[in-house]
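Comments concern the structure below.
The values are calculated or read from the model by the stated rules, or taken from the named source; none is laboratory data. It should be emphasised that the depicted structure is a prediction, and the values quoted were computed from it without experimental measurement. We place every Cβ from the backbone using ideal geometry, glycine too, and count neighbours over all the protein chains shown. To get the accessible areas, we keep the full protein, side chains included, count just its heavy atoms, and leave off ligands, DNA and RNA. Shrake-Rupley method; radii C 1.70, N 1.55, O 1.52, S 1.80 Å.
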Amino acid sequence: MSEIVLETRRLVLRAWRIEDAKSLFRYAKEPLIGKRAGWQAHQSEEESREIIRTVFACPEIYAMVLKETREPIGCVGLLLQQGHLPMNQNEAEIGYWLAKPYWNKGLTTEAAKRLICHAFCDLSLERLWACVFEGNAQSLAVLKKCGFMLHHCADKEQTQSGKAEVYLHLEAASFQDK
């Protein structure tokens, strides 16, 4: 797990902890969250605990913790050479999800912008990729606010998910630390 802690005005981005399982399950059992992010809703707190031990233990995966309550309310991370597209060593795919009660408050954009800065400034990545599943206009809006540009679209027949996917990218040269 990452020892790195990143902060924004309202969030702390830090490694997931086993004790976060209760909060993770509370929000990840919502079917709409998983559907938009490409995974099944969590079925138990034990499943959430196992996700923390395995999937969320990867480098550069962060709990989005609301400073006000100190509760994890989502996840943001960089998939290094394991995203939806074949990537070079100096590239990564960004991914995120946020608990439904916190939608439309700018929190995902805030977290994504901080992680993008970390990717380009601290990790010296040259390109970030993102994939948005069909019908997820909110996620697409976040990426556009962060400066991502359309790269290509893949229709349902071309994807493993069975959903049309939109691929976007952001180059280090076009990144502006705001």
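General observations
- Relative contact order (%) - criterion: Cα under 8 Å, at least six apart; region: region 68-141: 31 percent
- Put simply, when 88-99, 36-47 are sorted by average Cβ atoms within 10 angstrom per residue, most first, you get 88-99, 36-47.
- Cα-centre dipole for the chain with unit charges at Cβ (Lys and Arg positive, Asp and Glu negative), debye to 20: 660 debye
- Surface exposure of the chain, expressed per residue as accessible area with a 1.4 Å probe, stands at 53 Å².
- Ligands, DNA and RNA left out, the 1.4 Å accessible surface of the chain is 50% carbon and sulfur atoms.
- Candidate membrane-span-like segments in the chain, meaning DSSP H helices with Cα atoms spread over at least 15 Å of their own axis and a Kyte-Doolittle mean of -0.5 or above, are 107-117, with no membrane implied.
- Gain upon complete extension [GLU3, ARG70; 0.36 nm per residue less C-alpha separation]: 22.4 nm
- For region 14-66, the relative contact order comes to 48 percent (Cα pairs under 8 Å, sequence separation of at least 6).
- Relative contact order [Cα under 8 Å, 6+ residues apart], the chain, whole percent: 18 percent
- One decimal place: the segment GLN40-ASP122 gains 26.3 nm when fully extended, by the rule 0.36 nm per residue minus the C-alpha distance.
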